[in-house]
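K.L.:
Below: one structure in structure tokens.
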Amino acid sequence: MIAVLCPSRGLVFTETDILIDKVVNHFDSQVFRSYDKKIPDAQNFLVEEALKTEAQFFLFIEEDVVPTFEQIKEMVNRNVDIAFVDYGVGGWSCGAKNDKGEILWCGLGCSLIKRKVFEKLDRPWFRIDKSLRLNDNKWIDVPMKYGGHDIWFFTKAREAGFKITQVAGEAIHLRLDKLGTKEINNGLHIIEKKPSISKLQVI
């Protein structure tokens with residue numbers, strides 16, 4: 001069984017929801033959503049809820065990330081500890097590698113994680129109260145300005161012996177450019193794609 005986890009602060013893009021429907025219709029799965037919790041409370045809450053089920057895989061699909069269904073199937077078929085699909089964040093890859101090509105961390109937005117990873121790691125799995133200082137790879141008591149919960153989690157997962165595997169391709173990363181005009185029938189929201197990956201993070 002797959003637990004599909006969709007952390008949201010109140011807005012889920014329709015394309016993301018359509019993809020989640022495809023997953024539910026194809027796999028033995030259950031969807032968990034949050035809509036009123038901030039980062040990282042939403043992520044920790046969803047994992048706690050999913051652990052109450054028999055799910056052996058936890059599939060994170062964030063509210064603005066749209067992989068292909070084929071990429072989801074590939075992540076499942078790989079049957080690895082952690083699999084992810086990359087997506088652009090300001091043109092940068094959401095993942096980071098070292099000079100040996102090993103994946104140090106990735107974005108949580110489209111990731112499939114085995115249950116045993118959460119069972120082995122200490123709670124809370126996701127934190128933003130510390131930052132990773134890259135020049136000496138030490139965690140310091142400086143809160144993350146935005147996000148960073150995925151860097152904490154995947155770093156701790158690697159330290160516990162779990163490997164991160166990348167699935168080929170790139171997920172679409174959407175953005176809301178403008179809300180539709182109220183009380184006008186054709187007042188569509190303006191939704192665009194964030195820049196594709198053009199820069200890789202090598203740490």
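The values are calculated or read from the model by the stated rules, or taken from the named source; none is laboratory data. Everything quoted here is computed from the prediction, not taken from an experiment. With ideal geometry, Cβ positions are generated from the backbone for all residues, glycine too; neighbour counts draw on all protein chains shown. These area figures cover heavy atoms from the full protein model, side chains too; ligands, DNA and RNA do not enter into them. Shrake-Rupley method; radii C 1.70, N 1.55, O 1.52, S 1.80 Å.
K.L.:
Carbon and sulfur together cover what percent of the accessible area of the chain at a 1.4 Å probe radius?
P.N.:
On the way: 5450 of 11010 Å².
Solvent-exposed carbon and sulfur of the chain make up 50 percent of the total.
K.L.:
Under a point-charge model restricted to the Cβ atoms of Lys and Arg (+1) and Asp and Glu (-1), what is the dipole moment magnitude of segment 85-141 relative to its Cα centre, in debye to the nearest 20?
P.N.:
Dipole about the Cα centre, nearest 20: 260 debye.
K.L.:
Accessible area per residue of the chain at 1.4 Å probe, in Å²? Show your work: numbers first, answer last.
P.N.:
Numbers: 11010 Å² over 203 residues.
Each residue of the chain exposes 54 Å² on average to a 1.4 Å probe.
K.L.:
Right, next: Multiply the residue gap between TYR146 and VAL80 by 0.36 nm, knock off their C-alpha separation, and tell me the result in nm, one decimal place.
P.N.:
20.9 nm
K.L.:
Among the trypsin sites (Lys or Arg not before Pro) within segment 1-91, which fall in a DSSP loop and have no more than 14 other Cβ atoms within 10 Å of their own Cβ?
P.N.:
ARG9, LYS38, LYS52
K.L.:
Can you list which of the trypsin sites (Lys or Arg not before Pro) found in segment 131-203 are DSSP loop residues with at most 10 other C-beta atoms within 10 Å?
P.N.:
Listed in order of number, the matching sites are LYS145, LYS182.
K.L.:
Here is a follow-up. GLU70 label point, 7 Å along Cα→Cβ, cut-off 19 Å on backbone N: hits in segment 159-177?
P.N.:
Flagged as within label range: 166-173.
K.L.:
Also, I was wondering about something else. At 0.36 nm per residue, and after removing the present C-alpha to C-alpha distance, how many nm does the segment from THR14 to ARG123 gain when stretched out fully?
P.N.:
Extra length available between THR14 and ARG123 comes to 36.0 nm.
K.L.:
Determine the gain in length on full extension of the stretch HIS189-ARG33; use 0.36 nm per residue of separation and subtract their C-alpha separation, reporting nm with one decimal.
P.N.:
Taking 0.36 nm per residue and subtracting the Cα distance, the gain is 53.9 nm.
K.L.:
Got a sec to turn the phi values of segment 14-30 into Karplus ³J(HN,Hα) couplings, 6.51 cos²θ - 1.76 cosθ + 1.60 with θ = phi - 60°, whole Hz, x for Gly and Pro?
P.N.:
Computed from phi, the couplings for segment 14-30 are 4, 4, 5, 5, 4, 4, 4, 4, 5, 4, 5, 6, 9, 10, 5, 8, 9 Hz.
K.L.:
In addition: Residue farthest toward the positive end of the dipole of segment 1-142, with Cβ of Lys/Arg at +1 and Asp/Glu at -1: which of MET75, ILE103, VAL4?
P.N.:
Result: ILE103, furthest along the dipole toward the positive end.
K.L.:
Lys/Arg Cβ at +1, Asp/Glu Cβ at -1, dipole of the chain taken about the Cα centre: which of GLY91, ILE172, ILE18 is farthest positive-ward?
P.N.:
GLY91
K.L.:
Something else: Only bridges whose two residues both fall in the chain count here: according to DSSP, what percent of them are antiparallel, nearest 5?
P.N.:
Given both bridge residues lie in the chain, the antiparallel proportion sits at roughly 50 percent.
K.L.:
How far is it, in nm, from the label point at ARG133 to the one at LEU200 when both lie 7 Å from their Cα along the line to the Cβ?
P.N.:
Using points 7 Å along Cα→Cβ, the separation is 2.9 nm.
K.L.:
For the residue pair ASP41 and LYS116, what label-to-label distance in nm results when each label sits 7 Å from Cα along the Cα-to-beta-carbon direction?
P.N.:
3.4
K.L.:
Also: Going through segment 1-59, which GluC sites (Glu not before Pro) have at most 13 other Cβ atoms within 10 Å and a DSSP loop state?
P.N.:
On the way: sites: GLU15, GLU48, GLU49, GLU54; in loops: GLU54.
Within segment 1-59, the qualifying GluC sites (Glu not before Pro) (loop, at most 13 other Cβ atoms within 10 Å) are GLU54.
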